[in-house]
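Undergrad: One structure follows; several queries about it will come next.
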Amino acid sequence: MAKMSKWLSLAMAGALAFSLTACGGKADEGSASSGAGTGGDKAGTVKEKNVTITFQNIYPDPTDPKNKLMNKLVKQYESEHPNIKIELDSLNTDQQKLKLKTQAASKEVPDITVVNPAAQMQPFVEAKLLAPLDDMLDQNGLRGTFQDGLLDWYSFDGHTYAVPDGNNIGVVYYNKELFEKGGVQVPTTFEEMVDVVKTLKSKGIQPMAIGEKDTWTGSFLFMNMLLRTNNGPGFLKDVLDKKKTFEDPAFKEAVDAFQNLIQAGAFQEGVTSFDYNAGENLFKTGKAAMYFMGTWATGGIETSSVNGKVGVFKFPTINGKGNPDEFMLAPGSAFAISADSKHLDETKAFLNWFMLNFPKEAFEAKGAVGIGQKVDGDFKAAGYSDMAMEVLNLFKDVKGGDLAFDNTMNPGTAQAHLASIQNLFVQKKDSAEVAKEHQSAFEANNK
Amino acid sequence: MNVLKVSRWTIAAFVLPCLILYAGIVFVPILVSMYSGLLEWNGIGESRFIGFENFKNLFFHDPVFWPSVRRTLLFAVFSMAEIPIALLVAILLKRYIRRPNFLVSSYFLPVILSVVVVGQLWKTIYNPASMGGMLNQVLEAVGLGSWTHEWLTDPSVAMYSLYFVALWQYLGYHTLIQYTGILNVPEEIYEAARIDGADGFAADRYITFPNIIPIFKISIVLAFIGSLQAFDMVMVMTGGGPAHATDVISTHMYNMSFLSMKYGYGSSIAACLVVLCLAATFLINLIFNKLEKRFS
Amino acid sequence: MNTSSAVTLNKPAAAARRGRFSVAKTIVILFLSILVVTQVYPLLWLVLYSLKTNEEILSGSFFALPHAPQWSNYSAALEGNYFRYLLNSLFVTSVTMAAVILLSSLCAYAISRFRWRYGQGVMLLFLIGMMIPMQATLLPLMIIFKNMHVLNTHLSLILPYVAFSMPIAVFILSGFMKTIPHEIEESAVIDGASIWRIFRSIILPVSVPPVMTVCILTFINIWNEYILAATFISSEKLKTLPFGVNSFVSQYSVNYGAIGAFLVLGALPVILIYFLLSDKITEGMVAGAVKG
């Protein structure tokens, strides 16, 4: 019996191993042609030109115009290049960030991925995970389609590593109807803005909306105020260069101004549990009078119930400081190519074609406000709304500005900053203390 | 007392497939993770060995870590405290309802629903009254306006609001487990006890309770696991905010490893989590071995 | 004889009890009914939610009915590859459950019934891993799977799902198996049955209850799992249901209604199966967990 059971046990173990590999094998079949990162090279050797490009992107929602646009372009490219297959890995933003970081740790970056500008993409560039795209930009004049200076945010040591899908600025949207009801005018200084908040509040109108659960939202507003109190851009850069510290008066002044706004009752109750969309929705349903956000919000506001009642204004001066023509600049997320891509040339060719066609398609899909490329075409004639035209006109006034905090400082410092600013929404703090918090976080993260 | 004597091969065939898979997929990564805790590494570029520096920072300089440990443990305590309630519900079901299966299944429903749903649902309950929050509106309607809170954003109550959601979600889960446990206690024992004059809750005290101690152990273990892994719910409802006020160990780990890109530091938090798990496992086993001895 | 007399003796007492405690009973039933409402309402809420517009959802009134039912949410959800995701989820989940049950019952049997030196040691190993969250191993697993060349296959989900479900499964199953009377096996051994036969035709059949428990626990843990799935799977045709839910979250907008619709569609098969089997499941769990 002992002998018998020995054989049986081996057989059973074998069966188990088989059943496991069997189901693995099945799944493998499905992906043999696809996994460019994993087994794609095997598929590639069969017929030299058969290529699968993995395209990681952040347009997962099939009802989102950008998803439709991407699908359309990909299908068109595939039909024109029958040997090329584009495998879309569409993820939401948070998940894509997590996935890319995990993939980067094991050097498994997909052929095309999405990165964020400046400091956020720097670790990827330093780890040599991204391919320089200079040659791709020079092909078919792609470089010239981008707005002047925009590619600088994605360039390191003279090489460009990513091409952005967007370029936005921070503006204040306001609801004209609610302003009329509250009997207030568009503020030209920050002090007026605080008064507007108080007046609206006293008339039972929610002055501003923000989705502060996402933390970057509050930081984006705060940084605009710092851009004013610092009398111009470059504060964070000065801190990085050790020319200034966070305990500089300009920073404290910005914190105080920011708290004035909060203490005046500008924001809705329970603000830190509102995510980005819930916050924006207050404005889009006409429940809040003002909304500070990047111009990417234009499309969403246009399709909401307040369309036609909304105007925009530049963030005003604070204590007479700053220039309203300096904006918070938000160069968008950008497509990058893996340095280890097995089909570098094909991938570059595709991305080149994709980006060349991007502006035209976006323009037609009414999504061209805030894209990173120049658009030929009459927006007005194409049916863009008055508000969109107003936003487009603001772009013409841009005389420089600052990037968001997390695009300038390293992630460790940025996270500390985001939490510190979020805290101001739930409790009043001494500005010196906030400054100190920032400075010590900066020092701890920049040893 | 194990009786079956079998050959080494047989034992290997029974144990190894399971053990190898487990060791390869669970143990090795954990060990790798613990090693990463000794590195200064952003998860992408070059890493540098720094010994116990991360742990030193974690224990002595991190203002978020200890509060997050405390919240995680409190989470576990509340989850465990729920089990007697689940037991009570189970006893009531058994005693007063003729066909309780439907009810048991209904109670179980929230467990099946994704955390996304549960989170969204409770946000609409907890919101401020001006934003349509049901709880605050009800409180105001019945004249308890002073009891209203910003349930998710007031740092002093936000965490308790989260505990409560978890309790609500898992009540049915523990009820199901306890209920099946009670069903399993042989009816004859109750009959015998009744003759001896023990009825109702007295019978529960002397029969139900000792008989389902093993079930209790499973529930306790599951409750503990659940609270250590309460990541999703916290992320959906508060994201750990405002200003870390609702961070638990797992969200802090995520924050450090992936948002702050200090993967080494995040791994040192993971290592602490593992140690905490170990301690909990031993403690639970110790207590239950004692309990079982006392009651058998 | 004895039992029958006991029953007759008890009858009037029971009747009296029922009469006397009717107030208590009413309260209890009321309490249990309220519980039903609080626990089942979310499902109803979700169905309403799935028929609302984004504005209606975000304005957040709790009991409000949708102004006009938005069936387009459902067509959006179906457009979001629902059926493929569902099939993938079912495949991954069922293979995982089968593997967990097979592997861990073998192991649990060895731990609880064989006479060998390291049984307790192996058990201890499993106890250690029982509470470790899957997500803590994300990055090392990525590297391991890369070297195993299983990234972007269903195996890269099944392996961790199985491995992380095993500790609790072994814990529950071995606890149960310890309580099976030894006489059963002894007589089988005398009859000349092999250890495999004993396992297959005696141990497995009596272990159905704890196996049900393990099934439910495993299922709950993996059906909605997203982080590993999103990290290890890239091909559209291999993705699982939680992808569908999350695909309606874009950078600057969330399609809540479609998420709701997707969740309803995702939960529907589960709830149907669960209620159809609920008698079996409760029965199955009887004895299952109790001897743990």
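The values are calculated or read from the model by the stated rules, or taken from the named source; none is laboratory data. From a predicted model like this one, the values you see are computed outputs, not experimental measurements. FYI the Cβ positions are ideal-geometry reconstructions off the backbone, even for glycines, and counts take in every protein chain you see.
Undergrad: Determine whether the stretch C:241-255 contains at least one residue that is outside any loop (DSSP other than H, G, I, E, B), more than 8 Å from every other protein chain (Cβ to nearest Cβ), under 25 Å from the mean Cα position of the chain (by Cα) and under 21 Å from residue B:110 (Cβ atoms).
TA: Yes, there is a match, as at least one residue in the stretch C:241-255 is outside any loop (DSSP other than H, G, I, E, B), more than 8 Å from every other protein chain (Cβ to nearest Cβ), under 25 Å from the mean Cα position of the chain (by Cα) and under 21 Å from residue B:110 (Cβ atoms).
Undergrad: In the stretch A:240-276, how many are of a type in the set (Gly, Ala, Ser) and either closer than 19 Å to residue B:242 by Cβ or not in a helix (DSSP H, G or I) (or both)? Walk me through how you get there before you give the answer.
TA: Kept after step one, since they are of a type in the set (Gly, Ala, Ser), are these residues of the stretch A:240-276: A:250, A:254, A:257, A:264-266, A:270, A:273.
Next, from what is left, pick out any that are either closer than 19 Å to residue B:242 by Cβ or not in a helix (DSSP H, G or I) (or both): A:264-266, A:270, A:273.
Total meeting the criteria: 5.
Undergrad: Follow-up question, since we're still on this one. Taking the criterion of being surrounded by 15 or more Cβ atoms within 10 Å (Cβ to Cβ) and either touching a strand residue (DSSP E or B) at 6+ places or on another chain (Cβ under 7 Å) or at the interface with another protein chain (Cβ under 10 Å from one of its Cβ atoms) (or both), would at least one residue in the stretch B:65-74 satisfy it?
TA: No: the stretch B:65-74 contains no residue that is surrounded by 15 or more Cβ atoms within 10 Å (Cβ to Cβ) and either touching a strand residue (DSSP E or B) at 6+ places or on another chain (Cβ under 7 Å) or at the interface with another protein chain (Cβ under 10 Å from one of its Cβ atoms) (or both).
Undergrad: Find the residue count for the stretch C:111-168, including only residues that are in contact with a strand residue (DSSP E or B) (Cβ under 8 Å, 6 or more places away or on another chain) and either at pLDDT 90 or above or not aromatic (Phe, Trp, Tyr) (or both).
TA: First, pick out the residues of the stretch C:111-168 that are in contact with a strand residue (DSSP E or B) (Cβ under 8 Å, 6 or more places away or on another chain): C:113-115.
From what's left, either at pLDDT 90 or above or not aromatic (Phe, Trp, Tyr) (or both): C:113, C:115.
Residues meeting the conditions: 2.
Undergrad: Scan the stretch B:6-62 for residues that are more than 8 Å from chain A (Cβ to nearest Cβ) and hydroxyl-bearing (Ser, Thr, Tyr) and jot them down.
TA: Matches in the stretch B:6-62: B:22, B:33, B:35, B:36, B:47.
Undergrad: What's the total number of residues in the stretch C:222-240 that are part of a helix (DSSP H, G or I) and touching a residue at least 60 places away in the same chain (Cβ under 8 Å)?
TA: Count: 10.
Undergrad: Could you please let me know if residue A:377 is farther than 21 Å from residue A:248 by Cα and touching a Leu at 6+ places or on another chain (Cβ under 9 Å)?
TA: Answer is no for this residue.
Undergrad: Just one of (1) modelled with pLDDT under 90; (2) assigned to a helix (DSSP H, G or I) trips up residue B:6, so point out which.
TA: It is condition (2) that residue B:6 fails.
Undergrad: Restricting attention to the stretch A:109-141, report how many residues are touching a Gly at 6+ places or on another chain (Cβ under 7 Å), part of a loop (DSSP other than H, G, I, E, B) and within 12 Å of chain B (Cβ to nearest Cβ).
TA: Within the stretch A:109-141, residues that are touching a Gly at 6+ places or on another chain (Cβ under 7 Å), part of a loop (DSSP other than H, G, I, E, B) and within 12 Å of chain B (Cβ to nearest Cβ) number 1.
Undergrad: Examine the stretch A:104-121 for a residue that is over 19 Å from residue C:79 (Cα atoms) and out of contact with any helix residue (DSSP H, G or I) (no Cβ under 9 Å at 6 or more places or on another chain), and state whether such a residue exists. Don't jump to the end; show me each part of the working.
TA: Taking the stretch A:104-121 and keeping what is over 19 Å from residue C:79 (Cα atoms), we get A:104-121.
Subsequent filtering for residues that are out of contact with any helix residue (DSSP H, G or I) (no Cβ under 9 Å at 6 or more places or on another chain) retains none.
No, the stretch A:104-121 contains no residue that is over 19 Å from residue C:79 (Cα atoms) and out of contact with any helix residue (DSSP H, G or I) (no Cβ under 9 Å at 6 or more places or on another chain).
Undergrad: Right, next: Can you say whether residue C:138 is touching a residue at least 40 places away in the same chain (Cβ under 8 Å), more than 26 Å from residue B:282 (Cβ to Cβ), crowded, with 24+ Cβ neighbours inside 10 Å and at the interface with chain B (Cβ under 9 Å from one of its Cβ atoms), as far as the supplied structure shows? If you could, list the steps in order and put the result at the bottom.
TA: Working: touching a residue at least 40 places away in the same chain (Cβ under 8 Å): yes; more than 26 Å from residue B:282 (Cβ to Cβ): yes; crowded, with 24+ Cβ neighbours inside 10 Å: yes; at the interface with chain B (Cβ under 9 Å from one of its Cβ atoms): yes.
Considered against the rule, which asks whether it is touching a residue at least 40 places away in the same chain (Cβ under 8 Å), more than 26 Å from residue B:282 (Cβ to Cβ), crowded, with 24+ Cβ neighbours inside 10 Å and at the interface with chain B (Cβ under 9 Å from one of its Cβ atoms), residue C:138 comes out as yes.
Undergrad: Please go through (1) buried (at least 17 other Cβ atoms within 10 Å of the Cβ); (2) within 13 Å of chain A (Cβ to nearest Cβ); (3) of a type in the set (A, V, I, L, M, F, W, C) for residue C:190 and return the number of the only condition it doesn't satisfy.
TA: Just one mismatch for residue C:190, condition (1).
Residues are listed down the side, and each one gets a yes or a no for (1) closer than 30 Å to residue B:254 by Cβ; (2) more than 13 Å from chain B (Cβ to nearest Cβ):
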{"residue": "A:386", "(1), (2)": "no, yes"}
{"residue": "A:398", "(1), (2)": "no, yes"}
{"residue": "A:413", "(1), (2)": "yes, no"}
{"residue": "A:438", "(1), (2)": "yes, yes"}
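Undergrad: While we're looking at this one, here's another question. Search the stretch C:25-66 for residues being part of a helix (DSSP H, G or I) and at pLDDT below 80, and hand back the single one that is surrounded by the fewest Cβ atoms within 10 Å (Cβ to Cβ).
TA: C:55
Undergrad: Does residue C:185 meet the test of being within 30 Å of residue C:79 (Cβ to Cβ), at the interface with another protein chain (Cβ under 9 Å from one of its Cβ atoms) and surrounded by fewer than 24 Cβ atoms within 10 Å (Cβ to Cβ)?
TA: No; evaluated as a whole, the condition is false for this residue.
Undergrad: Report yes if residue A:368 is farther than 22 Å from residue A:68 by Cα and surrounded by 18 or more Cβ atoms within 10 Å (Cβ to Cβ), otherwise no.
TA: no
Undergrad: Moving on to the next point. How do the helices (runs of 4 or more DSSP H) wholly within the stretch B:163-281 filter down when requiring 3 or more residues that are under 13 Å from the mean Cα position of the chain (by Cα): which remain?
TA: In the stretch B:163-281, B:213-228, B:231-237 are the helices (runs of 4 or more DSSP H) which contain 3 or more residues that are under 13 Å from the mean Cα position of the chain (by Cα).
Undergrad: Related question: What number of residues in the stretch B:221-263 are within 12 Å of chain A (Cβ to nearest Cβ), closer than 23 Å to residue B:170 by Cβ and surrounded by fewer than 23 Cβ atoms within 10 Å (Cβ to Cβ)?
TA: 3
Undergrad: State whether one or more residues within the stretch A:84-92 are touching a helix residue (DSSP H, G or I) at 6+ places or on another chain (Cβ under 9 Å), among the hydroxyl-bearing types (Ser, Thr, Tyr), within 20 Å of residue A:340 (Cβ to Cβ) and touching a residue at least 12 places away in the same chain (Cβ under 8 Å).
TA: no
So that you can scan it fast, the table gives a plain yes or no per residue for (1) in contact (Cβ under 8 Å) with a residue 12 or more places away in the chain; (2) over 30 Å from residue B:277 (Cα atoms):
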| site | (1), (2) |
| --- | --- |
| C:153 | yes, yes |
| C:158 | yes, no |
| C:174 | yes, no |
| C:179 | yes, no |
| C:197 | no, yes |
